[in-house]
Amino acid sequence: MDLATILQVLDTTVRLATPLLFACLAGLFSERAGIVDIGLEGKMLAAAFLSAAIAAVTGSVWIGLSAGIVGALSMSAIHGLASITFRGNQLISGVAINFLAQGLTVVIAQSWFNQGGRTPALAGGARFHSITLPGAEALREVPVLGPIYYELISGHSILVYVALLCVPLSWWVLQRTRFGLRLRAVGENPAAVDTAGVSVERLRYAAVMICGVLTGFAGAYLATGLQAGFVRDMTAGRGYIALAALIFAKWRPWAALWATLLFGFLQALSLRPDVLEGVLRIDVSSQLLDALPYILTVVILAGFVGRAIPPRAGGEPYVKER
Amino acid sequence: MQKMPQWADVLLIPLVSLILAAFFSAVVILAIGENPWEALKIMVEGALGSTYGWGYTLYYATNFIFTGLAVAVANHAKMFNIGGEGQAVMGGLGVALVCLYIPFPHWTLALLAAAATAAVFGAAWAAIPALLQAKRGSHIVITTIMFNFIAASLLNYFLIGPLKADGMEPATARFPEAARLPTFQDMFSSPDNPLFRGAPANVAFFVAILACIAVWLLIWRSRLGYEIRSFGWSEPAARYAGISPVRIIMLTMLISGGLAGMMAINNVMGEAERLVLNSAEGAGFIGIAVALMGRSHPLGVFLAAVLFGFLYQGGAELSLWTGIPRDMVVVIQALVILFTGALDNMVRMPLERVFSTLRRAPKPDSKSTTARTAE
Amino acid sequence: MADAAPAIELKGISKSFGPVQANKDISFKVMPGTIHGIIGENGAGKSTLMSILYGFYKADAGEITIHGTPIDITDSQTAIRAGIGMVFQHFKLVPNFTVLENVVLGAEDSGLLRPSLARARRELKALAEEYELNVDPDAVVEDIGVGMQQRVEILKALYRQADILILDEPTGVLTPAEADHLFRILGNLKDQGKTVILITHKLREIMEATDAVSVMRRGEMIETVTTAGTNPTELAELMVGRTVLLQVDKTPATPGAPVLQVSDLKVEHDGVARVKGVSFEVRAGEILGIAGVAGNGQSELLEVLGGYRPATGRATVNGVDLPLSGRGADGRSRRDAGIAHVPEDRQSEGLVMEFAAWENVGFGYHHTDRYSRGTLMDHAALKADCAAKMERFDVRPPNPNLLAKNFSGGNQQKIVVAREMECDPDLLLVGQPTRGVDIGAIEFIHQQIVALRDAGKAVLLVSVELDEILSLSDRVAVMFDGRIMGERQASETNERELGLLMAGITDTDAPHSEAEIEANLARRSASAEKEA
């Protein structure tokens, strides 16, 4: 196998890992604050649809992105209402959000565009295009490093770089700021935050909203960066895979990057059965390849990769004790 | 001190939740430029206006009874089984294998064998997530979802590979005539009074009713049910009482998966009479809404399943006659899950307040006439 | 001093939770620079009242005055600004944060953490010197002992400039020596002009530490008296509203053959040794009390004997081996072997709170012929049995259909005790039998335990209440750090001796300095940390 093939697979890995990374960091903020979010899938889907629809209508991918974020935020608001204000079951709320997004996107897309639940194909300014980093063209001919810089590091859409920047940013916010300290505290022992005179509800809403913004990016990237438009159920379980990556990463930002890159790599491989067959020298069924990320998710959840301790107050609505 | 009379908890809250879900559904229908009232009329007419409509409504309801019971049984152990879809798909695979490869002399034997196989396949598909939850603490919600995806891939593999019949379609061959289940038409029609003509409702509906009774006995009358419920309310209490968590998790999920798998005798054996892609059509997920609305009680599940059968059939009619796509049913399903499940307190807290003021209202009087206070 | 405005004055405070009125028209004053005790039974409304003062709950009616200024305490932030600090019974600390982070949480100076942490580090040092509050600022809270965690809570309050400090049942988790240290800290605070409110149900602490004491009963403030002008008997009567027997009536035991024999029993959890080889026996017709501060392995010991925690070593009942792990190590086999168990935590273990009383009455025995026919449960038998037990144990209200969660703590405990005692066990395991139980029920439950002993049964009692251990047991064993430090005849020992054993000091005849005791306790938490 040559360098070009490896670079192609890795390049695809980065692209496919990007929505996972956004979603994983989104889940990280929510779960570190004690709100379990199984509705990442639905938020991404809502954002994917709205960003594609608005980008198609306005011709501007930036307006599309904003609309996508608004869409994911409104789903977050529902989740916040159910799990923070009304202290409902966070899992059920997440499931409801996933179905709501799955149904609404198709119903609205169908009545809006009449294309069988899709949005029109996006082109030009309605899509995120790859950008070439400075010097990439010039260095392209340098052996080994040139192609790596040109193919792998340069040439992605702006959102890929935003996702990567979100990793150190998330770390910094969580570990170095007052907000981060309080956020982590509210996920471990909300009573400690409450008795310190800080509103548990406000903190958790803030976390859930950050989660909304990040899933908004994830969905918008899917529909306007990775692909050129929305198709039904286009998230294809990425929200759940991001959750598995989050557990794998033990709720830490840098580990989340590596975990999502691993899943991205698997997805990239499943697109290139020829590579796998070339390496393994066996016939691999394409269905097995499709199922591979899901199987790995189960393996990771089974804890065969080390035990993960989730935030202690996760999933529990906060009720002042009597 | 009960905050509310029991009837309010069992009837009023689901009813209010349902009304809220209906209201927001109407808003969605309005938003896409259709008339909700017209839509409702078409749904009622299409789903309940003829024995044909009923035949579809009850056919769908049969699916949802099985998947709803599956979720309900798991709920009693506080296990959230979102894997009903995959378990139903695997049940379908089991039914297909039995029906295709065993020559049955009569449909009754075929039904027994198919139901047993479907249950075993569904249970097996639930067993791995259950084992991982029981032994390794892996989150059963995510693992069962993953198993839905894996089941879909597996079905795909079989239908374009080993089980594929001749032709373009990824589907098995048609099942032999001996494996054909009697439909309502076969059972209730007479030459001069044709009923349920062409509708898929079949004898599996009665199996579903039997399943409701069996689940009621299991949960509310049997020792295992007692143990399942105590484990669900408090795992430490169950351990204290000598109830093994591993055993309860495994048994509950096996029963749950078995019930979801048994759906296949209705949709695969009773209706399609062959195995096709996406055979479960989301019924596994509807089971979640059905179980939540039915308060995890078999009678409630039955009623909620009929309601969703109506929505499904009505929704199909809608997409025929109006611009409302069939996916509207998914929206309604989501809203029902949201209001009956996640936003339960939003409905419950105001109602509790109403009841407590109702109860307290006569109090100022009773204080002065303590001796004569009577409820 | 008499002219000064009260540090706190409450007028007509009322608070209801649904139909339950926790506080009824409460008025009282606390003078500045004093230690003021609030005493009352479980459920008397002490904690609710203090939570209102701290802004954790909002009072339905009434007004609060702090240093002469009326104030509307809408949330904890207001209370903190008014100079009120609170140390809750269950600490409000973030377990995986450091001491420093816990102190700073909610009182940060700016959006960035570093400056706040640096300032807190300096202040902590000063406070430590001023009040004998030594804590390592970089220690992670879950790794330090409870006594130390309590100091973190006090530091949190002082860091927020509290000059009124409320402590809710602060000694429940402390050894007598640690409690003494705490009271010395409180004395220092008082000397610096701070006001301390001490909530407790222990008469001894009130008499030792306070200047004045207010007594609460059933949500009402009964009386406020100066400590010097009262005595324990009077306070107890004010608390309960009638004359109480502070002693359990019992005749000397006549122990028979050994029923339970335990040798070299060890428990490990997540790689940490919780029980490090204990051996003892309990004879027929005697009560063996296991004393010790919570968290020294007693709970694990009970769970092992109850069948739901694996262990190594050996245990026999009437000479028959009890499996300690794997097959046969479960609650059901234990019950079949004649062991009944009143668990430490009735709310999460002893009862299924969402079950009706009749469903709970067979809990754990549901597989026996009494309550089931084949694979089905015998509902009629359960209901009849429940009604009978409710009558014999005076459970109120005697309604088998009521959910367990709707009974009071004392009545819940009576249901558990009735279930476990009436199955005619050879050995009764009892953990914290009177935790959260009112005095009337305490007397009743104690009498039942003694009656069972007199009927020739063996009783193993675990309690963190030293009074309960001393008054109920025939023999006392003290656990510290997973080991039994010593055994004494209950009639031949006293609180001081047991207190030293509870701190891990075995030569109880020699004099011991407090520093020595403290060092011993610190060694224990350090060793626990290393094992973790």
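The values are calculated or read from the model by the stated rules, or taken from the named source; none is laboratory data. No experiment lies behind these values; they were computed from the predicted model shown. Virtual Cβ from ideal backbone geometry, glycine too; neighbours counted across all protein chains shown. Keep in mind that these areas ignore ligands, DNA and RNA; they rest on the heavy atoms of the full protein, side chains included. Shrake-Rupley method; radii C 1.70, N 1.55, O 1.52, S 1.80 Å.
Hey, can you grab everything whose amide H is under 5 Å from the amide H of C:Ala22? Only 5+ residues off in sequence or another chain; H modelled, so Pro and N-termini drop out.
Result for C:Ala22 returns C:Lys15, C:Ser16, C:Phe17.
Taking K and R as +1 and D and E as -1, what net charge do the other residues with C-beta under 10 Å from the C-beta of C:Val476 add up to?
-2
What full-extension length gain, to one decimal in nm, is calculated for C:Ala257 and C:Lys11 as 0.36 nm per residue of separation minus the Cα-Cα distance?
Between C:Ala257 and C:Lys11, full extension yields an extra 82.5 nm.
Let me check the size of chain A from its C-alpha atoms; what are the radius of gyration and Dmax in Å?
20.1, 71
Which sequence of C:Tyr57, C:Tyr131, B:Tyr157 reflects their accessible areas, 1.4 Å probe, from the largest down?
Putting C:Tyr57, C:Tyr131, B:Tyr157 in descending order of accessible area: B:Tyr157, C:Tyr57, C:Tyr131.
What distance in nm separates the two pseudo spin-label positions at B:Arg136 and C:Thr312, each 7 Å out from Cα along the beta-carbon direction?
Using points 7 Å along Cα→Cβ, the separation is 2.7 nm.
R0 = 51 Å: FRET efficiency of A:Thr5 with B:Ala214, Cβ-based, nearest 0.05?
Using R0 = 51 Å, I get an efficiency of 0.35.
Is the shape of region C:232-361 rounded, prolate or oblate, going by the alpha carbon gyration tensor and its root eigenvalues a ≥ b ≥ c, with a/c under 1.5 for rounded and a/b larger than b/c for prolate? Mind dumping the intermediate values first?
Numbers: a/c = 1.73, a/b = 1.46, b/c = 1.19.
Cα axes put region C:232-361 in the prolate bin.
Mind grabbing the base-10 log of I(q)/I(0) for region A:183-253 at q = 0.22 Å⁻¹? Debye formula, identical points on the C-alpha positions, no solvent, two decimal places.
-1.02
Largest first, how would A:Trp258, A:Trp172 line up by accessible area (1.4 Å probe)? Don't skip to the answer; put the middle values down first.
Numbers: A:Trp258 155, A:Trp172 110 Å².
I get A:Trp258, A:Trp172, largest accessible area first.
Per the Cauchy relation, a quarter of the hull surface: what is the mean projected area of the convex hull of the alpha carbons in region B:62-353, in nm²?
18.4 nm²
List the relative contact order of region A:3-238 as a percent without decimals, with contacts defined as Cα pairs under 8 Å and 6+ residues apart. List each step's numbers first, then the result.
Numbers: 422 pairs, mean separation 91.9, N = 236.
Dividing the mean separation by the residue count of region A:3-238 yields 39 percent.
Can you work out the FRET efficiency for the pair B:Leu195 and B:Leu112, with r the C-beta to C-beta distance and R0 = 25 Å, to the nearest 0.05?
That pair, B:Leu195 with B:Leu112, gives E of 0.40.
Apply the Karplus curve 6.51 cos²θ - 1.76 cosθ + 1.60, θ = phi - 60°, to the phi angles in region B:346-357 and return the couplings in whole Hz, x for Gly and Pro.
Values per residue, Gly and Pro as x: 4, 7, 6, 4, x, 5, 4, 5, 4, 5, 6, 6 Hz.
Return the long-range amide H neighbours of C:Gly40 (sequence gap of 5 or more, or a different chain), with a cut-off of under 5 Å between placed amide H atoms.
It is C:Thr200, C:Met216, by chain and number.
Using 0.36 nm times the number of residues separating C:Leu112 and C:Asp270, minus their current alpha carbon distance, what extension gain do you get?
53.3 nm
In square nanometres, what is the average projected area of the Cα convex hull of region A:1-159?
The orientation-averaged projected area of the Cα hull of region A:1-159 comes to 11.9 nm².
Evaluate the relative contact order of region B:11-160 (contact order divided by residue number), counting alpha-carbon pairs under 8 angstrom at least 6 apart; express in whole percent.
So the answer I get is 21 percent.
Whenever you get a sec, line up C:Arg373, A:Arg204, A:Arg87 from highest to lowest accessible area (probe 1.4 Å, protein heavy atoms). Provide the component values of the computation, followed by the final result.
Numbers: C:Arg373 150, A:Arg204 5, A:Arg87 90 Å².
Per-residue accessible area, sorted high to low, gives C:Arg373, A:Arg87, A:Arg204.
Using a Cα-Cα cut-off of under 27 Å, which lysines could be cross-linked to C:Lys156, ignoring same-chain neighbours fewer than 8 residues away?
A:Lys320, C:Lys29, C:Lys46, C:Lys58, C:Lys92, C:Lys125, C:Lys190, C:Lys194, C:Lys202, C:Lys530
Taking only DSSP H segments of four or more residues, each worth -39500 (n - 2.57), what value at 222 nm results for chain A once the sum is divided by all its residues, to the nearest 500 deg cm²/dmol?
-21500 deg cm²/dmol
Quick one: in region B:243-361, what % of C-alpha pairs are over 24 Å apart?
Summing the P(r) tail past 24 Å for region B:243-361 gives 45 percent.
Using a 7 Å offset from the Cα along the Cα-to-Cβ direction at both A:Ile158 and B:Leu358, what is the distance between the two label points in nm, to one decimal?
Distance between the two pseudo-spin positions: 5.8 nm.
Label region B:24-88 by shape, choosing from rounded, prolate and oblate, from the square roots a ≥ b ≥ c of the eigenvalues of the Cα gyration tensor; if a/c is under 1.5 it is rounded, and otherwise prolate applies when a/b is larger than b/c, oblate when it is not.
oblate
Could you grab the relative contact order for chain C? Cα pairs under 8 Å, six or more apart, rounded to a whole percent. Could you put the intermediate results ahead of the total?
Numbers: 1058 pairs, mean separation 77.8, N = 532.
It rounds to 15 percent for chain C.
If the elastic network links every pair of Cα atoms under 10 Å, which of A:Ser270, A:Ser199, A:Ser66 fluctuates the most in the Gaussian network model of chain A?
A:Ser199
Given the convex hull over the Cα atoms of chain C, what projected area results after averaging over all orientations, in nm²? Please list the in-between numbers first.
Numbers: hull surface 104.8 nm².
In nm², the orientation-averaged hull projection of chain C is 26.2.
For C:Ile166, what residues show an amide H to amide H distance below 5 Å, using hydrogens built from the backbone and excluding near sequence neighbours?
C:Gly85, C:Met86, C:Val87, C:Ile197
At what distance in nm do the modelled label points of C:Ala387 and B:Asn35 sit from each other, each positioned 7 Å from its Cα along Cα→Cβ?
6.1 nm
Rounded, prolate or oblate: which fits region B:1-57, taking a ≥ b ≥ c as square roots of the Cα gyration tensor eigenvalues, rounded meaning a/c under 1.5, else prolate when a/b beats b/c?
oblate
Rounded to the nearest 20 debye, what is the charge dipole size of the protein assembly as shown about its Cα centre when +1 sits on each Lys and Arg Cβ and -1 on each Asp and Glu Cβ?
Once rounded to the nearest 20, the dipole reads 1880 debye.
Could you tell me what % of all Cα pairs in the protein assembly as shown have separations over 52 Å?
Numbers: 242155 of 754606 pairs.
Looking at the protein assembly as shown, the distances longer than 52 Å represent 32 percent of pairs.
Can you work out ³J(HN,Hα) from phi for every residue in region B:310-316, in order, using Karplus 6.51 cos²θ - 1.76 cosθ + 1.60 and θ = phi - 60°, giving whole Hz and x for Gly and Pro?
Coupling constants for region B:310-316: 4, 4, 5, 5, x, x, 5 Hz.
What list of ³J(HN,Hα) values in whole Hz, one per residue of region B:48-60 in order, does the Karplus curve 6.51 cos²θ - 1.76 cosθ + 1.60 (θ = phi - 60°) give from phi, with Gly and Pro shown as x?
Here the 3J(HN,Hα) series is 10, x, 8, 5, 4, x, 4, x, 6, 4, 6, 4, 5 Hz.
Where does region C:347-424 land on Rg(C-alpha)/(2.2 N^0.38 Å)?
Details: Rg = 11.4 Å, N = 78, 2.2 N^0.38 = 11.5 Å.
That ratio works out to 0.99.
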